[in-house]
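The values are calculated or read from the model by the stated rules, or taken from the named source; none is laboratory data. Bear in mind the structure is a predicted one, so any value in this text is a computation, not a measurement. Don't worry about glycine lacking a Cβ; one is built from the backbone with ideal geometry, like all the others, and counts go over all protein chains shown.
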Amino acid sequence: MIKMSSSTKRLISICFILIITTLVFLPSLNNGFLNWDDQAYVTQNQSIRELSFKNLKNIFTSTFLGLYMPIVILSHTVEFHFFNLNPLPYHTHNLILHLINCILIFYLILILSKSYSISLLTTLLWGVHPLRVESVAWISDRKDLISSIFLLIALILYLIYREKPKKRIFFYFSLIIFIFALLSKITTVIFPLILILFDFYFEGNINKKKIIEKVPFFEISFIFGIIGMWVLKIDQPPTYLTISERILNVLISVPFYLSKIFLPLKLSPRYPIHANEIFPNPLTVFVLTIVVLIIIIYFSNKYRREFIFGFLFLLITLIPIIPLILDGFPHADRYTYISSIGIFYLISKLLIDLFNKKFKKKWLVRIPLLIFLSGILFTLSFLSWQKCHVWKNDITLWNDALKSYPTHIVYDNRGSAFAKKGYINNAISDFSMALKIHPNYETFYNRGLAYSNKANYEKAIKDYNKSIELNPRYAKAFNNRGFAYAKKSKLDFAIRDYSSAIELAPNYIIAYFNRAIAYSDKCNFKQAISDFNSTIKINPKFLPSYYCLIEIYKKEQSNDKLKIIYKKISKLNHNKRNIKHK
């Protein structure tokens, strides 16, 4: 039997992991952008359009969708600079980031277990599991991929320091890398608790000295946590869950994720927000899960510490993403990206110990066990490979989601996808179905847009009215109702709505432009010029306003002003040509 060196084992293991994981997620490279946040993060995101020191400063001093994640936005800025809106590089980047995380998890488990086989199996189970598909195949979940890299590096550095306390430099490097994790996703604030959990795993207890040592980590977590709570805005329709419903969602979180880890079926980008839509009797499920976990831990004896570690790792890493206080969607596959590592480590340790110790000389048992394990890995890989095709485009994604959980959000998203492709009747049908399930201001707005696209402005106005009734601060509904009124030649009503939209969103450039057109149609050129200039002030490259000003200045025979406008347009077009030739 050939004996391999540690470095050879490490290299072969990593190569095997990278090859298998790449093959599993290869179909994701053929996918496009989705109507689920990809427009906000990439396709319509103006903050990623320029790679410059000025924009870099803006990225690191601004929030995005109510969240602070400058490193994530910077990654998209670099991609846009080199690849514009070609989805292939974005998906390739996601896959590469996932592969890096696989390598880091392999090294983390190697430190934890001192076993190449346990590290290999843990990483494979974690890396090819269908729960990973959302994070890899969905461009908008870049934040989980990047923040996990920094969190894992910081954790590995801390564990190296733990083994070699005299090399204090690793402690400081861990602290610095932790800050980068926080700059990628605020939920990594739980990192100090993870460090304490690892101390417990290695030593079997938690002592005061070890906690005091982590004070710098807690201080940084506290600062970022306060900032995160201050700027946090959930950029999605409020769920309006009652406190009892929120508590039920918290209680079923562990049973829910354990069920998806062990039986990854009916996976969805959008799960129901009510616990009883996931489990018929959520409270009973919670009690049974806790009882089973207590029994397992009590009778586990030799593996008691591993069981406690695995389940506490899951619980601790889920803390920041369970919306007990804030509105939001309680459950998502992406939430398990880091959280499931402990469970897969526990499973792998049990199986490898069973294989190497319990049945060391019993090949008649070991061979079926090996076949069973290979079958599990193949099944997980196939399900993930299949799921990558589901994320190909908006229609395939939401069609699949409807098979599992036909919620109003899923119907609404598929309706938007149909509308984008020009299937207006299908879109209206889906929006109507969504409204039957749950009347929502965004869905009324979306159906209003669809009716407007069919030039059915009466129905469009009715839907915009309902949208505004449900959310009186929804600027988009005011703007588009104004547009519908304008199409019906009710210009005074249109101007009133455009003004309301501008009052709610002072930099709403389209509302200014639409109001300018309405003023122009009323021959109120003074107000029209003022609004066109307002759009140019907001965005000096907004060419439609320049062309509209030309028409007005021609009517007024303002030759001097015409020369100024032509000069500005010429300069903008010249800059555009230069950019194209770069």
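Exactly one residue out of 318, 288 is at pLDDT 85 or above and within 25 Å of residue 206 (Cβ to Cβ), and it is 318.
Which residues, taken from segment 321-354, are in a helix (DSSP H, G or I), modelled with pLDDT under 90 and closer than 20 Å to residue 225 by Cα? Within segment 321-354, 321 is the sole residue that qualifies. Of the helices (runs of 4 or more DSSP H) that lie entirely inside segment 1-101, those containing 3 or more residues that are under 27 Å from residue 188 (Cα atoms) and not β-branched (Val, Ile, Thr) span 53-60, 70-83.
Among the residues of segment 404-432, those that are under 18 Å from residue 470 (Cα atoms) and without any contact (Cβ under 8 Å) to a residue 40 or more places away in the chain comprise 408, 412, 431, 432.
Among the residues of segment 72-94, those that are of a type in the set (A, V, I, L, M) and buried (at least 21 other Cβ atoms within 10 Å of the Cβ) comprise 72, 73.
Within segment 15-59, the set of residues being of a type in the set (D, E, K, R) and either closer than 24 Å to residue 442 by Cβ or touching a residue at least 40 places away in the same chain (Cβ under 8 Å) (or both) comprises 37, 38. Filtering segment 482-518 to residues that are among the hydroxyl-bearing types (Ser, Thr, Tyr) and surrounded by fewer than 17 Cβ atoms within 10 Å (Cβ to Cβ) leaves 489, 499.
Answer yes if at least one residue in segment 123-130 is in contact with an Asp or Glu (Cβ under 9 Å, 6 or more places away or on another chain) and not hydrophobic (A, V, I, L, M, F, W, C), and no otherwise. Looking through segment 123-130, at least one residue is in contact with an Asp or Glu (Cβ under 9 Å, 6 or more places away or on another chain) and not hydrophobic (A, V, I, L, M, F, W, C).
From (1) under 15 Å from the mean Cα position of the chain (by Cα); (2) at pLDDT 85 or above; (3) not β-branched (Val, Ile, Thr), pick out the condition that doesn't hold for residue 66. Against the list (1) under 15 Å from the mean Cα position of the chain (by Cα); (2) at pLDDT 85 or above; (3) not β-branched (Val, Ile, Thr), residue 66 comes up short only on (2). Summed over segment 104-135, the residues that are more than 20 Å from residue 198 (Cα to Cα) and of a type in the set (D, E, K, R) give a count of 2. Just one of the listed residues (201, 161) is without any contact (Cβ under 8 Å) to a residue 60 or more places away in the chain, within 26 Å of residue 308 (Cα to Cα) and among the aromatic types (Phe, Trp, Tyr), namely 161.
Is it the case that segment 206-218 has a residue that's modelled with pLDDT under 85, closer than 21 Å to residue 152 by Cα and touching a helix residue (DSSP H, G or I) at 6+ places or on another chain (Cβ under 9 Å)? Among the residues of segment 206-218, at least one is modelled with pLDDT under 85, closer than 21 Å to residue 152 by Cα and touching a helix residue (DSSP H, G or I) at 6+ places or on another chain (Cβ under 9 Å), which makes the answer yes. The set of residues from segment 106-117 being in contact with a Leu (Cβ under 8 Å, 6 or more places away or on another chain) and more than 17 Å from residue 200 (Cβ to Cβ) comprises 106, 116. Residue 296 fulfils the conditions (1) in contact with a Phe, Trp or Tyr (Cβ under 9 Å, 6 or more places away or on another chain); (2) of a type in the set (A, V, I, L, M, F, W, C); (3) surrounded by 16 or more Cβ atoms within 10 Å (Cβ to Cβ) except for a single criterion, (3). Applying a threshold of 6 Å to beta carbon distances and a minimum spacing of six or more residues, or different chains, the list of pairs starting in segment 171-187 at a residue that is touching a residue at least 60 places away in the same chain (Cβ under 8 Å) and ending at one that is among the hydroxyl-bearing types (Ser, Thr, Tyr) and buried (at least 18 other Cβ atoms within 10 Å of the Cβ) reads 184/147; 185/147. Looking at segment 404-411, can you tell me whether even one residue there is at pLDDT 90 or above and part of a helix (DSSP H, G or I)? Looking for residues that are at pLDDT 90 or above and part of a helix (DSSP H, G or I), one finds at least one in segment 404-411, hence yes. For segment 130-185, the helices (runs of 4 or more DSSP H) that sit wholly inside it and include 2 or more residues that are within 12 Å of the chain's Cα centre (by Cα) are 133-137, 142-163. Among helices (runs of 4 or more DSSP H) entirely within segment 446-557, having at least 2 residues that are over 28 Å from residue 410 (Cα atoms) singles out 475-487, 491-504, 509-521, 525-538, 543-556.
Could we say that residue 263 is surrounded by fewer than 13 Cβ atoms within 10 Å (Cβ to Cβ), at pLDDT 80 or above and under 30 Å from residue 385 (Cα atoms) here? Considered against the rule, which asks whether it is surrounded by fewer than 13 Cβ atoms within 10 Å (Cβ to Cβ), at pLDDT 80 or above and under 30 Å from residue 385 (Cα atoms), residue 263 comes out as yes. Of the numbered conditions (1) touching a residue at least 12 places away in the same chain (Cβ under 8 Å); (2) charged (D, E, K, R); (3) surrounded by 17 or more Cβ atoms within 10 Å (Cβ to Cβ), residue 522 satisfies every one except a single condition; which is it? Here residue 522 meets the rest and fails (3). Look through segment 416-444, keep the residues that are buried (at least 24 other Cβ atoms within 10 Å of the Cβ) and closer than 24 Å to residue 488 by Cβ, and return whichever of them is nearest to the chain's Cα centre (by Cα). By that ranking, first place goes to 443.
Of the residues making up segment 386-398, those that are part of a helix (DSSP H, G or I) and within 20 Å of the chain's Cα centre (by Cα) are 387, 388, 389, 390, 394, 395, 396, 397, 398. Would a scan of segment 144-158 turn up a residue that is in contact with a Pro (Cβ under 9 Å, 6 or more places away or on another chain), surrounded by 19 or more Cβ atoms within 10 Å (Cβ to Cβ) and hydrophobic (A, V, I, L, M, F, W, C)? For segment 144-158, residues in contact with a Pro (Cβ under 9 Å, 6 or more places away or on another chain), surrounded by 19 or more Cβ atoms within 10 Å (Cβ to Cβ) and hydrophobic (A, V, I, L, M, F, W, C): absent. So, residue 111, is that one buried (at least 21 other Cβ atoms within 10 Å of the Cβ), free of Cβ contacts under 8 Å to residues at least 60 places away in the same chain and not small (Gly, Ala, Ser) or not? So residue 111 does not fit the description; no.
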